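Read the figures in this text as sums done on the coordinates, not as results from a lab. Just so it is clear, the model here is predicted, and its values are computed rather than measured. Quick reminder, even Gly has a Cβ in these numbers, built from the backbone with ideal geometry, and neighbours come from all protein chains shown.
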Amino acid sequence: MTAPRFAIWKYPKIENGKTTKYNWLVQNKKGLKLGYQTDIGAFTYINAKFGVIIEDNVQIGSHCSIYSVSTIDDKKGKIILKKNCKIGTHSVVMPGITIGENSIIGAFSLVNHNIPKNVLAYGIPTKVVRKMTNKEIIKYQEVRQ
C-alpha cells in the first residue's frame, strides 16, 4: 500500500537553476536522473554536472548538498543514490559517491566515500555504524509501498 503522501506522486517540474515547487534546486539538469517516488527536502542543492542518479524511493532531507563536482579540490564524478536509501538533513555528498540500497545516512553527515547497501552511517566523515537488520529494511520499504 502506498503511503498517502505518495499516492498521487508525480515527477516534479525541474528547471535549471530554479527552485522546484518543493523548494529544492538543480544545476546542470541534463545530468540528473530522478527515480519514481523520490522525496527531496526543501533547500536541497544538487549539482549534476557530472551526473547524479537518484533511484526509486530515495529520500533526501532538507538543506542537503549533492555535488558531482567540487571546485575547491577539483574532484568530479557521478553520484548514485541507490533504491530506498535515505539521507538525513543538512548532509553533504561529495563527487563520485555511491550510497547503497536501503542505507541510511544520519543528519549532518559528510559522505566522502562509498557507502555499502543495508547500513547505517553517519559522521564527519561518515563511518558505517552498523548493518541494518532485515526487520528494519522491511519496515522502511513498507512505509513507501
Share, in percent, of DSSP beta bridges within the chain that are antiparallel, nearest 5: 20
Cα shape, the stretch 11-71, gyration tensor, a/c 1.5 rule: rounded
Rounded to whole Hz, the Karplus (6.51, -1.76, 1.60) HN-Hα couplings of the stretch 51-62, x for glycine and proline: x, 9, 10, 10, 6, 4, 6, 7, 10, 10, x, 5
Per residue Cα convex hull volume in Å³ - calculated over the stretch 49-94: 65
Pairwise label distance in nanometres, LEU110 with GLU136, each label 7 Å out on the Cα-Cβ vector: 2.4
Amide H contacts of THR98 (H built 1.01 Å from N, under 5 Å, at least 5 apart or other chain): ILE80, ASN114, ILE115
26 Å Cα-Cα threshold exceeded, pairs from LYS13/LYS127; LYS78/LYS135; LYS13/LYS49; LYS13/LYS139; LYS13/LYS117; LYS76/LYS127: LYS13/LYS127; LYS78/LYS135; LYS13/LYS139; LYS13/LYS117
Amide proton proximity set for GLN27, modelled H, under 5 Å, gap of 5+: GLY17, ILE46, ASN47, ALA48
Placed amide H near ILE104: partners under 5 Å, 5+ positions off or other chain: LYS86, VAL119, LEU120, ALA121
Alpha carbon convex hull of the stretch 4-144, projected area averaged over orientations, nm²: 7.7
3J(HN,Hα) from dihedral phi, the stretch 30-46, Karplus parametrisation 6.51/-1.76/1.60, rounded to Hz, x for glycine, proline: 4, x, 9, 10, 10, x, 6, 6, 7, 9, 10, x, 4, 6, 7, 10, 10
